[in-house]
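S.K.: The structure follows.
The values are calculated or read from the model by the stated rules, or taken from the named source; none is laboratory data. These numbers come from a predicted model, not from an experiment. Ideal geometry is used to build each Cβ from the backbone, glycine not excepted, and the neighbour counts take in all protein chains shown.
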Amino acid sequence: MLIDDYDYGLPPELIAQQPLVRRDAIRLMTVDRTGGSTGELPFRQVGKLFRPGDLLVVNDTRVIPARLFGAKESGGRIEIFLVTRLASEGEVWHCLLRSSKPSRPGTRIVLPGGVTAEVLGRGEGEAWQVSFSPVEDFDQWLDRTGAMPLPPYIRRSASEADQERYQTVFAHNRGAVAAPTAGLHFTGELLDELRACGVEILPLTLHVGLGTFMPIRVERLEEHRMHRERYSIPEATAEAVNARKKDGRRIIALGTTVCRTLEQAARDDGSIRPGAGEADIFIYPGYRFKTVDALITNFHLPKSTLLMLVAAFGGKKLIFRAYAEAVAKRFRFFSYGDAMFIY
């Protein structure tokens, strides 16, 4: 299979640049895998698509304000993009660095609040290892100093409103550098409505990394390797998934991050293992899903691994027909855009 098989035309004006006033005011496309049909609902009516006994699994990761702006001691502005914390002692991180001149080991960067960053050396891929000092409480300093890491297709600077809107209402565990965007549409009231109808809602954590936005640099899908992302599945979530698989109940993944985590941890019978690990599973058409029965997801970038996962779940022909319909009906695309429920 070739990367070009997963391209589609998208008018730039359909890329959502701002969230709507209400989280649940978006449009929801429904995709029936069995009948091959599509439909549309206001997202706030998503409860109509659930059944008593369903389990909705959500990703409770919390996005950190990962973009920092400073100046090299030698002169020149530099942007630091935090990717992964390597050590809390000394605050060592994998970071991407952007400046007019290449960085090198030993480069020192002056940041707000009297904090200095030092480039220690190369990290994984395009990342550098960077230490930060002195910081008594790094997370508090970061919340005061950093900017939200909006995706590159949102062509504006992060605003104060993004501090809240680029987080899900159930965001809890810090560590992501991108939001699990299918979860952005849920409100506390909508979650309560689902629970009242007999739907159980339980979390796992997958810290979304830069791999979400990294382009595939090979022509053949089989040659692509995914970036690793840290995850954790609580015992209670695993027990609920396993009990429902035995009973023939549906497991509904809220977003591709939840889908990948569950499938990473899945046994052949669809049951999953609790605990922590690193997800590097690459799901594309031909993959046999073991655990996930339905998927709520946003509309994804052309040629992206997320689009390939959705095509694997819904069937490539049906999903591309749904995407063409979404373009024709002027759905809003990507992080702050509309969503689909595939069942």
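S.K.: Inside segment 205-232, can you point out the residues that are crowded, with 24+ Cβ neighbours inside 10 Å and under 22 Å from TYR287 (Cα atoms)?
M.R.: LEU206, GLU229
S.K.: Any chance you could count how many residues in segment 164-219 are touching a residue at least 12 places away in the same chain (Cβ under 8 Å) and more than 16 Å from the chain's Cα centre (by Cα)?
M.R.: 15
S.K.: Looking at segment 98-148, which of its residues are of a type in the set (Gly, Ala, Ser), surrounded by 12 or more Cβ atoms within 10 Å (Cβ to Cβ) and within 25 Å of GLU164 (Cβ to Cβ)?
M.R.: GLY146, ALA147
S.K.: Of all residues being crowded, with 17+ Cβ neighbours inside 10 Å and of a type in the set (A, V, I, L, M) in segment 149-168, which is nearest to ILE64 (Cα to Cα)? Just the residue, please.
M.R.: Selected residue: LEU150.
S.K.: Please go through (1) among the aliphatic types (A, V, I, L, M); (2) more than 30 Å from HIS224 (Cα to Cα); (3) in a strand (DSSP E or B); (4) within 20 Å of the chain's Cα centre (by Cα) for LEU20 and return the number of the only condition it doesn't satisfy.
M.R.: Checking LEU20 against (1) among the aliphatic types (A, V, I, L, M); (2) more than 30 Å from HIS224 (Cα to Cα); (3) in a strand (DSSP E or B); (4) within 20 Å of the chain's Cα centre (by Cα), the one that fails is (3).
S.K.: Looking at this structure, is ALA294 over 27 Å from ARG225 (Cβ atoms), in the same structural domain as LEU20 (by TED's automatic domain parsing), over 20 Å from the mean Cα position of the chain (by Cα) and among the small types (Gly, Ala, Ser)?
M.R.: no
S.K.: May I ask you to verify whether LEU318 is in a strand (DSSP E or B) and under 18 Å from GLU40 (Cα atoms)?
M.R.: Spelling it out, it is not the case that LEU318 is in a strand (DSSP E or B) and under 18 Å from GLU40 (Cα atoms).
S.K.: Turning to a different aspect of this structure: Could you list, in sequence order, all residues of segment 241-280 that are of a type in the set (D, E, K, R) and in contact (Cβ under 8 Å) with a residue 60 or more places away in the chain?
M.R.: The first filter runs over segment 241-280 and keeps only residues of a type in the set (D, E, K, R), leaving 244-247, 249-250, 260, 263, 267-269, 273, 278, 280.
The answer is ARG244, ASP247, ARG249, ARG250.
S.K.: Please count how many residues of segment 152-178 are under 14 Å from ARG62 (Cβ atoms) and not in a helix (DSSP H, G or I).
M.R.: Adding up the residues that qualify gives 13.
S.K.: In the list PHE289, PHE282, PHE320, which residue meets the criterion of being aromatic (Phe, Trp, Tyr) and closer than 26 Å to ARG51 by Cα?
M.R.: Within the list PHE289, PHE282, PHE320, the selection yields PHE289.
S.K.: Of all the residues that make up segment 281-302, how many are of a type in the set (Phe, Trp, Tyr) and in contact (Cβ under 8 Å) with a residue 40 or more places away in the chain?
M.R.: Within segment 281-302, residues that are of a type in the set (Phe, Trp, Tyr) and in contact (Cβ under 8 Å) with a residue 40 or more places away in the chain number 3.
S.K.: In the set VAL115, VAL83, VAL92, which member is outside the structural domain of ARG225 (by TED's automatic domain parsing), aliphatic (A, V, I, L, M) and over 26 Å from ALA179 (Cα atoms)?
M.R.: VAL115
S.K.: Let me ask something else. Can you run down the residue pairs with Cβ atoms below 7 Å, 6 or more apart or on separate chains, where the first is in segment 313-331 and of a type in the set (Val, Ile, Thr) and the partner is surrounded by 12 or more Cβ atoms within 10 Å (Cβ to Cβ) and part of a helix (DSSP H, G or I)?
M.R.: Listed by first residue and then by second, the contacts come to ILE319/VAL310; ILE319/ALA311; VAL327/LEU14.
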